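What follows is one structure encoded as C-alpha coordinates, with my remarks underneath.
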Amino acid sequence: MFVTERRHGDRALVWRSTPPAAPAPNTLWAPGAAERHPSDGPEWAPEFTIHQLLRPTTADDAVVQLAEFRQRINTTPAGGALARFLQHRPARPGAELGVPEPESLWANVLVDSIQARERVIAHLQGCQVADLAELSRNYPGLHEFLPTEIALALGVAESTATRKLVEAEAFTDRLPATFAALHAGDITDRKARAMHQGTLDVTPEIAQQVERDVLPHLPHSTMPQVHDPIGAAIIRRDPHGAQERHENARDRRGITRHSEPDGMGTLKVFSTLPDIAAIHAALTAMSAASKTADDDRTADDRKVDALVDLCTDVLDTGVWREKELPTEQRRRPHVQVTMPLSALLPGPPTGDVAQLAGYGPITPAQARHIAADGTLRRLVCDPLSGTLLDYGRTTYQPPAALADHVLARDQTCSMPGCRQPAHRCELDHTEPFRPGQPTGGTTSAANLAPGCKHHHRAKDGGGYRLDRGETGYQWTTPLSRTYLRPHTRLWQPVPEHAPVTPPVPPPPLNDPDPPPF
Ligand SMILES: [Zn+2]
(Lines give C-alpha, C1' and ligand atoms only; values in the text may rest on other atoms or scores of the structure.)
Protein backbone atom coordinates (compact mmCIF):
# COMPACT_ATOMS: atom_id res chain seq x y z
CA MET A 1 0.00 0.00 0.00
CA PHE A 2 1.06 3.59 -0.51
CA VAL A 3 1.22 5.87 2.48
CA THR A 4 2.08 9.52 2.79
CA GLU A 5 5.18 10.10 4.82
CA ARG A 6 7.25 13.05 5.80
CA ARG A 7 10.82 12.84 4.62
CA HIS A 8 13.36 15.57 5.24
CA GLY A 9 10.56 18.01 5.82
CA ASP A 10 8.70 17.10 2.54
CA ARG A 11 5.66 14.94 2.11
CA ALA A 12 6.30 11.94 -0.06
CA LEU A 13 4.26 9.02 -1.30
CA VAL A 14 6.02 5.94 -0.01
CA TRP A 15 5.32 2.26 -0.67
CA ARG A 16 5.12 0.33 2.58
CA SER A 17 4.94 -3.38 2.46
CA THR A 18 5.12 -6.10 5.02
CA PRO A 19 7.05 -9.08 3.75
CA PRO A 20 4.79 -12.13 3.75
CA ALA A 21 5.36 -14.71 6.43
CA ALA A 22 7.86 -17.40 5.44
CA PRO A 23 6.21 -20.74 4.62
CA ALA A 24 6.08 -23.12 7.57
CA PRO A 25 8.87 -25.69 7.22
CA ASN A 26 6.47 -28.60 7.28
CA THR A 27 4.15 -27.40 4.54
CA LEU A 28 5.78 -29.44 1.79
CA TRP A 29 4.29 -29.37 -1.64
CA ALA A 30 2.54 -32.63 -2.41
CA PRO A 31 1.35 -33.86 -5.80
CA GLY A 32 -2.33 -33.14 -6.25
CA ALA A 33 -2.48 -30.67 -3.36
CA ALA A 34 -4.99 -27.98 -4.09
CA GLU A 35 -3.11 -25.10 -2.47
CA ARG A 36 -0.51 -23.21 -4.40
CA HIS A 37 2.89 -22.66 -2.88
CA PRO A 38 2.91 -19.48 -0.75
CA SER A 39 5.58 -17.95 -2.97
CA ASP A 40 3.24 -18.09 -5.96
CA GLY A 41 0.98 -15.45 -4.51
CA PRO A 42 -0.97 -13.50 -3.61
CA GLU A 43 0.42 -10.89 -5.94
CA TRP A 44 1.03 -8.23 -3.35
CA ALA A 45 4.12 -6.81 -5.05
CA PRO A 46 3.58 -3.21 -6.12
CA GLU A 47 3.13 -2.31 -9.74
CA PHE A 48 5.63 0.46 -9.15
CA THR A 49 7.56 1.65 -6.16
CA ILE A 50 8.82 4.75 -4.48
CA HIS A 51 12.06 4.30 -6.42
CA GLN A 52 10.28 5.04 -9.65
CA LEU A 53 8.27 7.88 -8.19
CA LEU A 54 11.03 9.77 -6.48
CA ARG A 55 14.60 9.97 -7.54
CA PRO A 56 16.79 10.49 -4.49
CA THR A 57 17.92 14.05 -4.08
CA THR A 58 20.11 13.56 -1.02
CA ALA A 59 22.68 10.98 0.05
CA ASP A 60 20.38 9.93 2.93
CA ASP A 61 17.51 9.28 0.54
CA ALA A 62 19.70 7.15 -1.72
CA VAL A 63 21.05 5.12 1.21
CA VAL A 64 17.55 4.55 2.63
CA GLN A 65 16.19 3.49 -0.77
CA LEU A 66 18.96 0.97 -1.32
CA ALA A 67 18.67 -0.37 2.23
CA GLU A 68 14.93 -0.80 1.72
CA PHE A 69 15.47 -2.56 -1.59
CA ARG A 70 18.04 -4.92 -0.07
CA GLN A 71 15.77 -5.67 2.87
CA ARG A 72 12.90 -6.51 0.52
CA ILE A 73 14.79 -8.82 -1.80
CA ASN A 74 16.47 -10.59 1.11
CA THR A 75 13.22 -11.30 2.94
CA THR A 76 10.72 -11.96 0.14
CA PRO A 77 10.14 -15.63 -0.66
CA ALA A 78 11.27 -16.69 -4.14
CA GLY A 79 8.47 -16.18 -6.63
CA GLY A 80 6.74 -13.65 -8.82
CA ALA A 81 6.79 -10.96 -6.11
CA LEU A 82 10.56 -11.22 -5.68
CA ALA A 83 11.07 -11.12 -9.46
CA ARG A 84 9.05 -7.92 -9.64
CA PHE A 85 11.00 -6.31 -6.80
CA LEU A 86 14.19 -7.12 -8.67
CA GLN A 87 12.80 -5.40 -11.77
CA HIS A 88 12.38 -2.21 -9.71
CA ARG A 89 15.91 -1.94 -8.42
CA PRO A 90 16.84 1.70 -7.71
CA ALA A 91 19.47 3.18 -10.00
CA ARG A 92 23.07 3.41 -8.91
CA PRO A 93 23.35 6.71 -6.97
CA GLY A 94 25.03 9.49 -8.93
CA ALA A 95 28.35 10.91 -7.75
CA GLU A 96 26.73 14.33 -7.13
CA LEU A 97 24.79 12.91 -4.15
CA GLY A 98 28.02 12.20 -2.24
CA VAL A 99 26.89 8.83 -0.85
CA PRO A 100 29.57 7.50 1.54
CA GLU A 101 31.57 4.49 0.21
CA PRO A 102 29.45 4.26 -2.97
CA GLU A 103 31.44 1.38 -4.56
CA SER A 104 31.04 -0.89 -1.55
CA LEU A 105 27.34 0.04 -1.16
CA TRP A 106 26.55 -0.69 -4.81
CA ALA A 107 28.61 -3.91 -4.81
CA ASN A 108 26.48 -5.13 -1.90
CA VAL A 109 23.32 -4.29 -3.82
CA LEU A 110 24.64 -6.35 -6.75
CA VAL A 111 25.59 -9.34 -4.55
CA ASP A 112 22.14 -9.29 -2.92
CA SER A 113 20.54 -9.10 -6.39
CA ILE A 114 22.64 -12.04 -7.62
CA GLN A 115 21.58 -14.09 -4.59
CA ALA A 116 17.92 -13.16 -5.04
CA ARG A 117 17.98 -13.95 -8.78
CA GLU A 118 19.54 -17.32 -7.98
CA ARG A 119 16.57 -18.03 -5.69
CA VAL A 120 14.12 -16.94 -8.41
CA ILE A 121 15.87 -19.18 -10.96
CA ALA A 122 15.68 -22.17 -8.58
CA HIS A 123 12.02 -21.37 -7.90
CA LEU A 124 11.23 -21.29 -11.63
CA GLN A 125 13.03 -24.60 -12.08
CA GLY A 126 10.88 -25.97 -9.26
CA CYS A 127 7.77 -24.68 -11.07
CA GLN A 128 8.99 -26.37 -14.26
CA VAL A 129 9.46 -29.61 -12.31
CA ALA A 130 5.84 -29.39 -11.15
CA ASP A 131 4.67 -28.78 -14.75
CA LEU A 132 6.70 -31.72 -16.06
CA ALA A 133 5.36 -34.02 -13.34
CA GLU A 134 1.79 -32.94 -14.01
CA LEU A 135 2.21 -33.39 -17.78
CA SER A 136 3.77 -36.79 -17.18
CA ARG A 137 0.68 -37.89 -15.25
CA ASN A 138 -1.75 -36.47 -17.82
CA TYR A 139 -0.10 -36.71 -21.26
CA PRO A 140 -2.80 -37.66 -23.76
CA GLY A 141 -0.33 -39.41 -26.09
CA LEU A 142 1.73 -42.53 -25.45
CA HIS A 143 3.94 -41.93 -22.42
CA GLU A 144 6.87 -43.51 -24.25
CA PHE A 145 6.93 -40.53 -26.62
CA LEU A 146 6.49 -37.76 -24.05
CA PRO A 147 10.28 -37.14 -23.99
CA THR A 148 10.08 -36.53 -27.77
CA GLU A 149 7.33 -33.93 -27.20
CA ILE A 150 9.41 -32.17 -24.51
CA ALA A 151 12.66 -32.39 -26.50
CA LEU A 152 10.98 -30.77 -29.52
CA ALA A 153 9.37 -28.04 -27.40
CA LEU A 154 12.58 -27.13 -25.57
CA GLY A 155 15.04 -27.76 -28.40
CA VAL A 156 17.05 -30.22 -26.28
CA ALA A 157 18.27 -33.76 -26.87
CA GLU A 158 15.75 -36.46 -26.06
CA SER A 159 18.10 -37.85 -23.42
CA THR A 160 17.96 -34.45 -21.66
CA ALA A 161 14.16 -34.41 -21.86
CA THR A 162 14.01 -37.95 -20.46
CA ARG A 163 16.29 -36.96 -17.58
CA LYS A 164 14.12 -33.92 -16.78
CA LEU A 165 10.98 -36.06 -16.73
CA VAL A 166 12.52 -38.79 -14.59
CA GLU A 167 13.78 -36.19 -12.12
CA ALA A 168 10.42 -34.39 -12.04
CA GLU A 169 8.62 -37.65 -11.29
CA ALA A 170 11.18 -38.49 -8.57
CA PHE A 171 11.08 -35.04 -6.93
CA THR A 172 7.31 -34.94 -6.70
CA ASP A 173 7.00 -38.58 -5.69
CA ARG A 174 10.00 -39.76 -3.68
CA LEU A 175 11.77 -36.54 -2.63
CA PRO A 176 9.06 -34.07 -1.51
CA ALA A 177 11.35 -32.11 0.83
CA THR A 178 14.01 -31.66 -1.87
CA PHE A 179 11.31 -30.48 -4.24
CA ALA A 180 9.96 -28.03 -1.65
CA ALA A 181 13.47 -26.65 -1.05
CA LEU A 182 14.00 -26.17 -4.82
CA HIS A 183 10.57 -24.59 -5.26
CA ALA A 184 11.27 -22.21 -2.38
CA GLY A 185 14.57 -21.25 -4.03
CA ASP A 186 16.58 -22.54 -1.05
CA ILE A 187 18.70 -25.00 -3.07
CA THR A 188 19.82 -24.90 -6.69
CA ASP A 189 18.70 -27.27 -9.40
CA ARG A 190 22.15 -28.95 -9.36
CA LYS A 191 21.90 -29.70 -5.63
CA ALA A 192 18.39 -31.12 -6.04
CA ARG A 193 19.64 -33.30 -8.88
CA ALA A 194 22.56 -34.49 -6.73
CA MET A 195 20.03 -35.63 -4.13
CA HIS A 196 18.08 -37.49 -6.82
CA GLN A 197 21.21 -39.13 -8.25
CA GLY A 198 22.49 -40.08 -4.81
CA THR A 199 19.25 -41.74 -3.70
CA LEU A 200 18.35 -43.53 -6.96
CA ASP A 201 19.01 -46.97 -5.57
CA VAL A 202 17.43 -46.75 -2.11
CA THR A 203 13.83 -47.27 -1.06
CA PRO A 204 11.55 -44.17 -0.85
CA GLU A 205 11.58 -44.43 2.97
CA ILE A 206 15.38 -44.32 3.12
CA ALA A 207 15.48 -41.55 0.50
CA GLN A 208 13.30 -39.41 2.77
CA GLN A 209 15.45 -40.17 5.81
CA VAL A 210 18.51 -39.09 3.81
CA GLU A 211 16.66 -35.88 2.83
CA ARG A 212 16.00 -35.12 6.50
CA ASP A 213 19.67 -35.70 7.37
CA VAL A 214 21.25 -33.77 4.53
CA LEU A 215 18.84 -31.12 3.26
CA PRO A 216 19.38 -28.56 6.07
CA HIS A 217 23.09 -28.41 5.14
CA LEU A 218 22.64 -28.06 1.37
CA PRO A 219 21.83 -24.33 0.98
CA HIS A 220 25.33 -23.28 2.06
CA SER A 221 27.33 -26.25 0.72
CA THR A 222 29.38 -26.22 -2.47
CA MET A 223 28.78 -29.05 -4.95
CA PRO A 224 31.69 -31.23 -3.72
CA GLN A 225 30.33 -30.79 -0.18
CA VAL A 226 26.94 -32.02 -1.35
CA HIS A 227 27.85 -35.49 -2.65
CA ASP A 228 29.77 -36.74 0.40
CA PRO A 229 27.05 -36.17 3.06
CA ILE A 230 24.48 -37.84 0.78
CA GLY A 231 26.74 -40.89 0.39
CA ALA A 232 27.46 -40.98 4.13
CA ALA A 233 23.77 -40.64 5.04
CA ILE A 234 22.86 -43.54 2.75
CA ILE A 235 25.46 -45.82 4.33
CA ARG A 236 24.29 -44.79 7.82
CA ARG A 237 20.58 -45.23 7.04
CA ASP A 238 20.86 -48.38 4.92
CA PRO A 239 23.97 -50.29 6.01
CA HIS A 240 22.67 -53.64 4.71
CA GLY A 241 21.55 -52.49 1.28
CA ALA A 242 24.97 -51.96 -0.30
CA GLN A 243 24.84 -55.04 -2.55
CA GLU A 244 21.30 -54.32 -3.70
CA ARG A 245 22.25 -50.70 -4.48
CA HIS A 246 25.25 -51.93 -6.44
CA GLU A 247 23.15 -54.34 -8.50
CA ASN A 248 20.57 -51.64 -9.27
CA ALA A 249 23.32 -49.25 -10.36
CA ARG A 250 24.94 -52.02 -12.41
CA ASP A 251 21.73 -52.34 -14.41
CA ARG A 252 22.21 -48.75 -15.58
CA ARG A 253 25.66 -49.29 -17.11
CA GLY A 254 26.12 -47.71 -20.49
CA ILE A 255 28.21 -45.64 -22.86
CA THR A 256 27.49 -42.03 -23.77
CA ARG A 257 29.22 -39.93 -26.39
CA HIS A 258 29.46 -36.17 -26.78
CA SER A 259 30.75 -34.02 -29.61
CA GLU A 260 33.31 -31.44 -28.48
CA PRO A 261 34.75 -28.37 -30.22
CA ASP A 262 37.63 -28.65 -32.72
CA GLY A 263 36.57 -31.97 -34.20
CA MET A 264 36.94 -33.82 -30.89
CA GLY A 265 34.55 -35.97 -28.89
CA THR A 266 34.19 -37.68 -25.51
CA LEU A 267 33.16 -41.26 -24.80
CA LYS A 268 31.97 -41.94 -21.24
CA VAL A 269 31.75 -45.49 -19.91
CA PHE A 270 29.59 -46.12 -16.84
CA SER A 271 30.16 -49.60 -15.41
CA THR A 272 31.34 -51.45 -12.34
CA LEU A 273 34.72 -50.56 -10.86
CA PRO A 274 36.21 -53.99 -11.78
CA ASP A 275 35.09 -53.44 -15.41
CA ILE A 276 36.63 -49.97 -15.48
CA ALA A 277 39.82 -51.31 -13.87
CA ALA A 278 40.03 -54.10 -16.51
CA ILE A 279 39.57 -51.63 -19.39
CA HIS A 280 42.14 -49.27 -17.94
CA ALA A 281 44.68 -52.03 -17.21
CA ALA A 282 44.34 -53.42 -20.76
CA LEU A 283 44.70 -49.98 -22.37
CA THR A 284 47.70 -49.16 -20.18
CA ALA A 285 49.40 -52.42 -21.18
CA MET A 286 48.57 -51.88 -24.89
CA SER A 287 49.87 -48.33 -24.61
CA ALA A 288 53.18 -49.60 -23.17
CA ALA A 289 53.43 -52.34 -25.81
CA SER A 290 52.88 -49.88 -28.66
CA LYS A 291 55.70 -47.54 -27.60
CA THR A 292 58.65 -47.40 -29.95
CA ALA A 293 61.94 -45.55 -29.65
CA ASP A 294 60.88 -42.69 -31.95
CA ASP A 295 57.30 -42.47 -30.65
CA ASP A 296 56.62 -38.98 -29.32
CA ARG A 297 53.03 -39.73 -28.24
CA THR A 298 52.23 -39.48 -24.53
CA ALA A 299 51.05 -42.54 -22.60
CA ASP A 300 47.49 -41.13 -22.68
CA ASP A 301 47.70 -40.60 -26.46
CA ARG A 302 48.75 -44.23 -26.92
CA LYS A 303 45.92 -45.51 -24.66
CA VAL A 304 43.33 -43.73 -26.78
CA ASP A 305 44.97 -44.90 -30.01
CA ALA A 306 45.01 -48.51 -28.72
CA LEU A 307 41.27 -48.37 -27.99
CA VAL A 308 40.55 -46.87 -31.43
CA ASP A 309 42.71 -49.55 -33.12
CA LEU A 310 40.85 -52.28 -31.26
CA CYS A 311 37.47 -51.02 -32.47
CA THR A 312 38.51 -50.18 -36.05
CA ASP A 313 40.00 -53.68 -36.39
CA VAL A 314 36.56 -55.11 -35.57
CA LEU A 315 34.88 -52.77 -38.08
CA ASP A 316 37.46 -53.55 -40.78
CA THR A 317 37.17 -57.33 -40.46
CA GLY A 318 33.41 -57.27 -39.82
CA VAL A 319 33.92 -60.12 -37.36
CA TRP A 320 33.90 -60.15 -33.56
CA ARG A 321 34.63 -63.36 -31.63
CA GLU A 322 34.10 -65.38 -34.83
CA LYS A 323 30.67 -63.84 -35.34
CA GLU A 324 29.76 -61.69 -38.34
CA LEU A 325 28.69 -58.19 -37.32
CA PRO A 326 25.06 -57.48 -38.24
CA THR A 327 24.70 -55.21 -41.26
CA GLU A 328 23.18 -51.73 -41.20
CA GLN A 329 21.27 -50.88 -44.36
CA ARG A 330 22.98 -53.82 -46.11
CA ARG A 331 26.43 -52.56 -45.18
CA ARG A 332 28.74 -53.53 -42.41
CA PRO A 333 28.82 -51.02 -39.51
CA HIS A 334 30.93 -48.09 -40.58
CA VAL A 335 31.49 -44.40 -40.10
CA GLN A 336 30.33 -42.03 -42.80
CA VAL A 337 31.95 -38.77 -43.82
CA THR A 338 30.58 -36.30 -46.34
CA MET A 339 32.80 -33.62 -47.85
CA PRO A 340 32.88 -31.40 -50.90
CA LEU A 341 35.04 -32.66 -53.77
CA SER A 342 37.29 -29.62 -53.38
CA ALA A 343 38.03 -30.67 -49.78
CA LEU A 344 39.52 -33.94 -51.01
CA LEU A 345 42.46 -32.09 -52.47
CA PRO A 346 45.23 -31.35 -50.02
CA GLY A 347 46.23 -27.72 -49.74
CA PRO A 348 45.67 -24.67 -47.56
CA PRO A 349 42.25 -24.59 -45.86
CA THR A 350 39.59 -22.84 -47.94
CA GLY A 351 36.67 -22.85 -45.50
CA ASP A 352 35.20 -26.14 -46.76
CA VAL A 353 33.50 -28.12 -43.99
CA ALA A 354 33.13 -31.92 -43.87
CA GLN A 355 30.50 -33.77 -41.81
CA LEU A 356 30.88 -36.94 -39.78
CA ALA A 357 27.37 -38.42 -39.90
CA GLY A 358 25.64 -38.29 -36.54
CA TYR A 359 28.40 -36.26 -34.88
CA GLY A 360 28.96 -32.92 -36.59
CA PRO A 361 31.45 -30.84 -38.53
CA ILE A 362 35.08 -31.86 -38.95
CA THR A 363 37.92 -30.27 -40.91
CA PRO A 364 38.70 -31.44 -44.47
CA ALA A 365 42.07 -32.72 -43.21
CA GLN A 366 40.31 -35.00 -40.68
CA ALA A 367 37.87 -36.10 -43.38
CA ARG A 368 40.72 -36.93 -45.79
CA HIS A 369 42.36 -38.98 -43.05
CA ILE A 370 39.20 -41.07 -42.61
CA ALA A 371 38.55 -41.26 -46.37
CA ALA A 372 42.08 -42.53 -47.03
CA ASP A 373 41.11 -46.01 -45.84
CA GLY A 374 37.50 -45.91 -47.01
CA THR A 375 35.29 -46.21 -50.02
CA LEU A 376 34.56 -42.96 -51.82
CA ARG A 377 31.14 -42.45 -53.26
CA ARG A 378 30.32 -39.48 -55.45
CA LEU A 379 27.15 -37.63 -54.46
CA VAL A 380 25.58 -34.95 -56.60
CA CYS A 381 24.18 -32.36 -54.23
CA ASP A 382 21.03 -31.61 -56.19
CA PRO A 383 17.74 -32.67 -54.64
CA LEU A 384 16.16 -33.02 -58.11
CA SER A 385 18.37 -35.99 -58.90
CA GLY A 386 16.17 -37.98 -56.50
CA THR A 387 13.43 -38.25 -59.15
CA LEU A 388 15.66 -40.41 -61.32
CA LEU A 389 15.55 -43.03 -58.59
CA ASP A 390 11.77 -43.37 -58.55
CA TYR A 391 10.98 -47.03 -58.70
CA GLY A 392 7.19 -46.64 -58.50
CA ARG A 393 4.77 -48.62 -56.37
CA THR A 394 5.86 -52.07 -57.40
CA THR A 395 8.76 -52.41 -55.00
CA TYR A 396 8.55 -52.03 -51.22
CA GLN A 397 12.14 -52.79 -50.33
CA PRO A 398 14.11 -49.80 -51.63
CA PRO A 399 16.83 -50.85 -54.07
CA ALA A 400 20.33 -50.37 -52.72
CA ALA A 401 21.07 -47.35 -54.91
CA LEU A 402 17.88 -45.61 -53.78
CA ALA A 403 18.56 -46.42 -50.13
CA ASP A 404 22.12 -45.09 -50.49
CA HIS A 405 20.79 -41.88 -51.99
CA VAL A 406 18.33 -41.29 -49.14
CA LEU A 407 20.87 -42.16 -46.44
CA ALA A 408 23.46 -39.84 -47.96
CA ARG A 409 20.90 -37.07 -48.52
CA ASP A 410 19.53 -37.01 -44.97
CA GLN A 411 22.61 -38.11 -42.98
CA THR A 412 20.63 -38.62 -39.74
CA CYS A 413 17.18 -39.62 -38.48
CA SER A 414 14.49 -37.24 -39.78
CA MET A 415 13.29 -36.19 -36.28
CA PRO A 416 14.57 -32.70 -35.36
CA GLY A 417 17.49 -33.00 -32.97
CA CYS A 418 17.98 -36.77 -33.36
CA ARG A 419 21.57 -37.49 -34.33
CA GLN A 420 21.25 -41.21 -35.00
CA PRO A 421 23.27 -41.70 -38.24
CA ALA A 422 20.98 -42.56 -41.17
CA HIS A 423 22.73 -45.83 -41.91
CA ARG A 424 21.68 -47.05 -38.45
CA CYS A 425 18.07 -46.02 -39.12
CA GLU A 426 15.16 -47.75 -40.78
CA LEU A 427 14.05 -46.37 -44.14
CA ASP A 428 10.42 -45.45 -43.76
CA HIS A 429 7.76 -44.62 -46.34
CA THR A 430 6.60 -41.12 -45.33
CA GLU A 431 3.26 -41.78 -47.02
CA PRO A 432 2.55 -45.46 -46.34
CA PHE A 433 3.20 -47.96 -49.11
CA ARG A 434 0.02 -49.86 -50.09
CA PRO A 435 0.87 -52.70 -52.48
CA GLY A 436 -1.73 -53.31 -55.22
CA GLN A 437 -3.69 -50.16 -54.31
CA PRO A 438 -4.07 -47.12 -56.52
CA THR A 439 -3.25 -44.85 -53.55
CA GLY A 440 -0.24 -44.92 -51.30
CA GLY A 441 3.27 -43.63 -51.31
CA THR A 442 5.90 -44.57 -53.81
CA THR A 443 9.20 -46.20 -53.05
CA SER A 444 11.04 -43.10 -54.13
CA ALA A 445 13.58 -40.71 -52.71
CA ALA A 446 10.79 -38.16 -52.20
CA ASN A 447 8.80 -40.59 -50.07
CA LEU A 448 11.54 -42.27 -48.05
CA ALA A 449 12.93 -40.92 -44.80
CA PRO A 450 15.39 -42.43 -42.35
CA GLY A 451 13.94 -42.90 -38.88
CA CYS A 452 15.74 -44.41 -35.90
CA LYS A 453 13.81 -47.31 -34.30
CA HIS A 454 12.34 -45.05 -31.61
CA HIS A 455 11.14 -42.29 -33.95
CA HIS A 456 9.95 -44.76 -36.58
CA ARG A 457 7.67 -46.16 -33.88
CA ALA A 458 6.62 -42.62 -32.87
CA LYS A 459 5.21 -42.27 -36.41
CA ASP A 460 3.81 -45.79 -36.74
CA GLY A 461 1.57 -46.04 -33.68
CA GLY A 462 2.96 -43.30 -31.43
CA GLY A 463 0.59 -40.60 -32.66
CA TYR A 464 3.23 -38.54 -34.49
CA ARG A 465 2.80 -37.56 -38.15
CA LEU A 466 5.58 -36.91 -40.65
CA ASP A 467 5.28 -34.85 -43.83
CA ARG A 468 8.04 -34.08 -46.26
CA GLY A 469 7.80 -30.54 -47.63
CA GLU A 470 9.83 -28.18 -49.75
CA THR A 471 11.95 -27.00 -46.85
CA GLY A 472 12.25 -30.11 -44.74
CA TYR A 473 10.55 -32.78 -42.68
CA GLN A 474 7.57 -31.52 -40.72
CA TRP A 475 6.65 -33.51 -37.61
CA THR A 476 3.28 -33.10 -35.89
CA THR A 477 3.10 -34.32 -32.31
CA PRO A 478 0.04 -35.87 -30.59
CA LEU A 479 -0.67 -32.36 -29.18
CA SER A 480 -0.82 -31.05 -32.81
CA ARG A 481 2.35 -29.01 -32.38
CA THR A 482 4.55 -28.90 -35.46
CA TYR A 483 8.31 -28.85 -35.77
CA LEU A 484 10.48 -28.61 -38.88
CA ARG A 485 13.71 -30.47 -39.51
CA PRO A 486 15.24 -28.58 -42.45
CA HIS A 487 16.71 -30.61 -45.31
CA THR A 488 20.35 -31.45 -44.73
CA ARG A 489 22.80 -29.20 -46.53
CA LEU A 490 25.63 -31.43 -47.65
CA TRP A 491 27.53 -28.66 -49.28
CA GLN A 492 27.89 -24.99 -48.60
CA PRO A 493 29.88 -22.56 -50.70
CA VAL A 494 33.11 -21.51 -49.03
CA PRO A 495 33.09 -17.97 -47.57
CA GLU A 496 33.39 -15.20 -50.17
CA HIS A 497 36.49 -13.82 -48.55
CA ALA A 498 39.28 -16.35 -48.32
CA PRO A 499 40.24 -17.17 -44.71
CA VAL A 500 43.15 -15.12 -43.52
CA THR A 501 46.34 -17.16 -43.60
CA PRO A 502 48.22 -16.60 -40.38
CA PRO A 503 51.54 -14.87 -41.04
CA VAL A 504 54.62 -17.07 -40.84
CA PRO A 505 56.60 -15.98 -37.77
CA PRO A 506 60.02 -14.58 -38.66
CA PRO A 507 62.97 -16.87 -37.92
CA PRO A 508 64.50 -16.21 -34.50
CA LEU A 509 67.42 -13.83 -34.57
CA ASN A 510 70.68 -15.52 -33.97
CA ASP A 511 71.82 -13.11 -31.32
CA PRO A 512 74.70 -14.44 -29.22
CA ASP A 513 74.12 -11.83 -26.50
CA PRO A 514 71.16 -12.43 -24.19
CA PRO A 515 68.97 -9.35 -23.71
CA PRO A 516 69.71 -7.36 -20.55
CA PHE A 517 67.20 -8.05 -17.77
ZN1 LIG B 1 15.53 -40.57 -34.22
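Could you tell me whether any residue of the stretch 108-121 is closer than 30 Å to T477 by Cα, within 29 Å of the chain's Cα centre (by Cα) and not assigned by TED's automatic domain parsing to the domain that holds L479?
Yes - at least one qualifying residue is present in the stretch 108-121.
Listed here are the residues, each with its yes/no results for (1) away from the ligand (no atom under 16 Å from the Cβ); (2) modelled with pLDDT of 70 or more; (3) surrounded by 12 or more Cβ atoms within 10 Å (Cβ to Cβ).
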| residue | (1), (2), (3) |
| --- | --- |
| T430 | no, yes, yes |
| T442 | yes, yes, yes |
| A445 | yes, yes, yes |
| R465 | no, yes, yes |
| G469 | yes, yes, no |
| P478 | yes, yes, yes |
| T501 | yes, no, no |
| P508 | yes, no, no |
| P516 | yes, no, no |
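So in the stretch 451-460, with the set limited to residues that are in contact with a Lys or Arg (Cβ under 9 Å, 6 or more places away or on another chain) and under 14 Å from Q474 (Cα atoms), which one is nearest to the ligand (Cβ to nearest atom)?
Filtering the stretch 451-460 for residues that are in contact with a Lys or Arg (Cβ under 9 Å, 6 or more places away or on another chain) and under 14 Å from Q474 (Cα atoms), the one nearest to the ligand (Cβ to nearest atom) comes out as G451.
Among the residues of the stretch 405-420, which ones are without any contact (Cβ under 8 Å) to a residue 60 or more places away in the chain and more than 8 Å from the ligand (Cβ to nearest atom)?
Result: H405, V406.
Every residue, every condition in (1) assigned to a helix (DSSP H, G or I); (2) within 20 Å of T442 (Cβ to Cβ); (3) away from the ligand (no atom under 16 Å from the Cβ); (4) at pLDDT 75 or above, yes or no:
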site: T350; (1), (2), (3), (4): no, no, yes, no
site: Q355; (1), (2), (3), (4): no, no, yes, yes
site: I370; (1), (2), (3), (4): yes, no, yes, no
site: L379; (1), (2), (3), (4): no, no, yes, no
site: G386; (1), (2), (3), (4): yes, yes, yes, no
site: R393; (1), (2), (3), (4): no, yes, yes, no
site: P398; (1), (2), (3), (4): no, yes, yes, no
site: L402; (1), (2), (3), (4): yes, yes, yes, yes
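A207 is checked against (1) within 16 Å of the ligand (Cβ to nearest atom); (2) out of contact with any helix residue (DSSP H, G or I) (no Cβ under 6 Å at 6 or more places or on another chain); (3) without any contact (Cβ under 8 Å) to a residue 40 or more places away in the chain and fails just one. What number does that condition carry?
(1)
Looking at the stretch 290-303, which of the residues that are assigned to a helix (DSSP H, G or I) and touching a Lys or Arg at 6+ places or on another chain (Cβ under 9 Å) is surrounded by the fewest Cβ atoms within 10 Å (Cβ to Cβ)?
Taking the candidates together, the pick is A299.
Within the stretch 278-335, restricting attention to residues that are of a type in the set (V, I, T) and more than 30 Å from T412 (Cβ to Cβ), which residue is modelled with the lowest pLDDT?
Checked the stretch 278-335; the qualifying residue modelled with the lowest pLDDT is T292.
The values are calculated or read from the model by the stated rules, or taken from the named source; none is laboratory data. Given the structure is predicted, the values throughout are model-derived calculations rather than measurements. Neighbour counts run over all protein chains shown; Cβ positions are idealised from the backbone, glycine included.
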